[in-house]
1. Net charge within 15 Å of D187 by Cβ-Cβ distance, Lys/Arg positive one each and Asp/Glu negative one each, not counting D187 itself?
2. DSSP beta bridges in the chain, what fraction antiparallel, as a percent rounded to 5?
3. Amide H of V129 versus every other amide H placed in the peptide plane: which residues, excluding those fewer than 5 positions away on the same chain, fall under 5 Å?
4. Based on DSSP H runs of at least 4 residues, each adding -39500 (n - 2.57), what is the mean residue ellipticity at 222 nm of the chain after dividing by all its residues, to the nearest 500 deg cm²/dmol?
5. Just for the Cα atoms in the stretch 49-190, what are the lengths along the principal axes, largest first, rounded to whole Å?
6. Could you state the angle between the C-alpha long axis of helix 153-166 and the longest principal axis of the C-alpha atoms of the chain, as a value from 0 to 90 degrees rounded to the nearest 10?
7. Name the residue, out of D131, D170, D11, whose mean-square fluctuation peaks in a Gaussian network model built on the chain with Cα pairs under 10 Å.
8. Per the 1.4 Å probe, what fraction of the accessible area of the chain, in percent, lies on carbon and sulfur atoms?
Amino acid sequence: MPADIPVITVDGPSGTGKGTLSSYLANWLQWHFLDSGALYRVLALAAERHSINYEDVSGLAELARDLDVVFKHSASEEGKAVILEGTEVSVLIRTESCGTAASRIASLPEVRQALLDRQHSFRKPPGLVADGRDMGTVVFPAARLKIFLTASVEERARRRYKQLKEKGFDVNLPQLSVEITERDVRDSQRTVSPLRPAVDAAVIDTTHLNIEDVIDRVAVLVRDRFPDITGKTGRNN
Ligand code: C5P
C-alpha cells in the first residue's frame, strides 16, 4: 500500500537549502527523491517550446498531464538529469527566469491538479523525500516527518547568486533579490496550495546556519521519527 511507504517532506522558498537537504536525506536513506519544483520548471519550459500561453489553462493542464519528462540519476554535481521530450534540460531549467515562469504556471489550480498523480507516483518503497512548496500541506499531508526551511531574503538571494554563478549563469544580485521577492509573494499569496508550513511541520530558520548544521538538526528528527533506521548512516555516525 502506498500509504505505508514513509515520506519526508521538505518545503520552503528558494535559497533556504531545501534542495541540498533533500538530496542529502534521499542519499542517506536510499529513498526516492521528488524535486517538485523541477516539474513546474520543466512544464514552464515545455509550454514555451509548444507556444502555449498562460491564458490557455486547459492547454497547460493537458501538457502537465502528458508531459514527457524523465528524472535520471547522473554523475553531475546535482546527481540527477532532467530529460524533457528526449533532450536533457537540467541546466536550462535552473535560470531565475524559468523559476519565475514556473511560479506563474504554478498559480493555476488546474495545472497543480494535473501534476498531482505524477507527484504521488514517486512514492515507492523503501521511501520518499519530497522537496517543494506544498509537499507537507497538500501532496503528502500524512507524511511522518515534515520540514519547513526559511531564511531572510538577503541570505537566500546571496545563496542563489552563488549557485547560479557556479553554474555559469550571468546574474546580478540586486535583480535576483527583486525576482526572489516577487516569486515569494506570488507563491505565498496564491489561492491554491500557497507556500506555508504545515501545522505539524518542524520550521527551521537557516539564515545563520550552514548546510551541515541544518543536516545535523534534521538528522535528529529523522532518527526520532524513524527509529528503525537509526544508526544506519548519517552525519553523526
Ligand atoms: O523550488 P523551485 O525554485 O525549483 O520551484 C520553482 C517554482 O515552482 C516555485 O517558485 C513555485 O512557484 C513552484 N512550485 C510550486 N509547488 C511546488 C514546487 C514548486 O508551486 N511543490
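The values are calculated or read from the model by the stated rules, or taken from the named source; none is laboratory data. Remember, predicted model here, so these are calculated numbers, not experimental data. When we count neighbours, we look across all protein chains shown, and the Cβ atoms used for this are built from the backbone with ideal geometry, even at glycine. Side chains included, ligands, DNA and RNA excluded: accessible areas come from the protein's heavy atoms. Shrake-Rupley method; radii C 1.70, N 1.55, O 1.52, S 1.80 Å.
1. Local charge sum for D187: +4.
2. Values: 7 of 24 bridges.
Beta bridges within the chain, antiparallel portion: roughly 30 percent.
3. Placed amide hydrogens put I8, H32, F33, L34 under 5 Å from V129.
4. Roughly -14000 deg cm²/dmol at 222 nm, from the helical runs in the chain.
5. 40, 37, 37
6. Once rounded, the angle reads 80 degrees.
7. Greatest mean-square fluctuation among the candidates belongs to D170.
8. Values: 5880 of 11450 Å².
Here carbon and sulfur together make up 51 percent of the probe-accessible area.
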